[in-house]
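Report on one structure; see the data block that follows.
The values are calculated or read from the model by the stated rules, or taken from the named source; none is laboratory data. This is a predicted model, so every value here is computed, not measured. Note that each Cβ is placed from the backbone with ideal geometry, even for glycine, and that neighbours are counted across all protein chains shown.
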Amino acid sequence: MNYHISASTDVGIRKSVNQDSLFARALRIDSTPIAFAAVCDGMGGYALGEVASASVINALTQWMQTPENWFENGSVNFKAVESQWTDIVRSQNSKIRQYSAQKGVKAGTTATVFLSSNHNHIVMSVGDTRAYEISNDRVRQISKDQTYVQREVDLGHISPQEARTHPKQNVLLQCIGILENVVINFWSEPTLFNSVYMLCSDGFRHVVTENELLSHLHPSKMTGPDTMQAGQNRLIDLNKARGERDNISVLTIKPYLYGGE
Amino acid sequence: MPTILMISSIAVAALVIAAIVFGIKRLGKNSEIYVAGQVISSDPLDPPGDSSVIVEKDITFVHTDEKIY
């Protein structure tokens, strides 16, 4: 299984600064293909949001430079990945808290991180950036938001439809850099070669439907970096045309088989 | 005369073979392998199982140079 990757980000129609940060890499170690992707959505005044999101992305980029810590005997050690990502998030949480305390302003970032190899993947999420699996006939949200409205949905107080337009839909229960202890969620699943994996900031999915995601990012259309970029950009344009006010970021990974796999 | 012709023919043939072998090696070193339009290796002569890390594609978007230490 090999991987195409693509990413797009847009400051949007309202904000003057893009506080989202993204990183994706397709690589081979010992001939084993690996796809890595991360999206962080920063928040905070005085330019601290983009510093917080960039700091987490930079830490993850550094982590990618030391595969000897998480790759052994020709495959990814997913348990080691989970443990090391946890350490990175806790360390970044502490550093961002100290940094924003020095500046006298609160700042933080969400993060959703994805790594796939050998037909399996791991997803980590803090906050409300999301990971999706888009297959031929459906869009499935892999990650679960750590938000006020998601908690209300889980408690049965509101419906998922009401959550989409709820006045508190942007209230986060968790992010990196605000609370002393950060709660991190992980999911481990098989990677399907005929699906598309998508990571996005909340600005990418507020005003578009899952049917529109399926239509523009359908696996049959995502044949390579150019078509993936085109699909992403069409949805970014749709978001802007509908008045989305936030920064808009999306990253897609398309596994594909080659060479008699 | 026939001996000179034979030696010349052998020399020319050897030169042609050497040029072909050299050319193939050069082509191998400079070409890239494309799978579904994407570069998967910049050096196809790398043996399978090589322990090197090959980065096929990198995408980064950050919007500040400021760092937190």
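Whether any residue in the stretch A:218-226 is away from every other protein chain (no Cβ under 14 Å) and surrounded by 15 or more Cβ atoms within 10 Å (Cβ to Cβ) is what I want to check. Yes; the residues of the stretch A:218-226 include at least one that is away from every other protein chain (no Cβ under 14 Å) and surrounded by 15 or more Cβ atoms within 10 Å (Cβ to Cβ). Checked against the criterion of being under 19 Å from the mean Cα position of the chain (by Cα), in a helix (DSSP H, G or I) and facing another protein chain (nearest Cβ under 10 Å), the stretch A:62-70 contains one or more residues that satisfy it. Entry remark, the stretch A:139-174: residues being assigned to a loop (DSSP other than H, G, I, E, B) and among the hydroxyl-bearing types (Ser, Thr, Tyr) number 2 in total.
Screening A:GLY177 against (1) over 19 Å from A:THR252 (Cα atoms); (2) without any contact (Cβ under 8 Å) to a residue 40 or more places away in the chain; (3) within 14 Å of another protein chain (Cβ to nearest Cβ) leaves a single unmet condition, (2). Considering A:LEU238, A:LEU199, A:LEU192, the condition of being in contact (Cβ under 8 Å) with a residue 40 or more places away in the chain and not in a strand (DSSP E or B) is satisfied by A:LEU192 alone.
Looking only at residues in the stretch A:202-217 that are under 15 Å from A:GLU244 (Cβ atoms) and outside any helix (DSSP H, G or I), the one that is nearest to the other protein chains (Cβ to nearest Cβ) is A:ARG205. A:GLY104 satisfies every condition listed in (1) touching a Cys at 6+ places or on another chain (Cβ under 7 Å); (2) on the phi > 0 side of the Ramachandran plot except (1). Condition check: in contact (Cβ under 8 Å) with a residue 24 or more places away in the chain, of a type in the set (Phe, Trp, Tyr), within 9 Å of chain B (Cβ to nearest Cβ) and surrounded by fewer than 24 Cβ atoms within 10 Å (Cβ to Cβ). Does A:TYR99 satisfy that? For A:TYR99, the condition - in contact (Cβ under 8 Å) with a residue 24 or more places away in the chain, of a type in the set (Phe, Trp, Tyr), within 9 Å of chain B (Cβ to nearest Cβ) and surrounded by fewer than 24 Cβ atoms within 10 Å (Cβ to Cβ) - is met.
Can you name every residue in the stretch A:150-161 that is touching a residue at least 12 places away in the same chain (Cβ under 8 Å) and either under 16 Å from the mean Cα position of the chain (by Cα) or more than 15 Å from A:ARG130 (Cβ to Cβ) (or both)?
From the stretch A:150-161, those touching a residue at least 12 places away in the same chain (Cβ under 8 Å) are A:150-152; that's our starting set.
Those that are touching a residue at least 12 places away in the same chain (Cβ under 8 Å) and either under 16 Å from the mean Cα position of the chain (by Cα) or more than 15 Å from A:ARG130 (Cβ to Cβ) (or both): A:ARG151, A:GLU152.
In summary, A:LYS168 fulfils each of the numbered conditions (1) surrounded by fewer than 16 Cβ atoms within 10 Å (Cβ to Cβ); (2) among the charged types (D, E, K, R); (3) modelled with pLDDT of 95 or more with the single exception of condition (3).
Screening A:LEU115 on (1) outside any helix (DSSP H, G or I); (2) surrounded by fewer than 20 Cβ atoms within 10 Å (Cβ to Cβ); (3) of a type in the set (A, V, I, L, M) shows it passes everything except condition (2).
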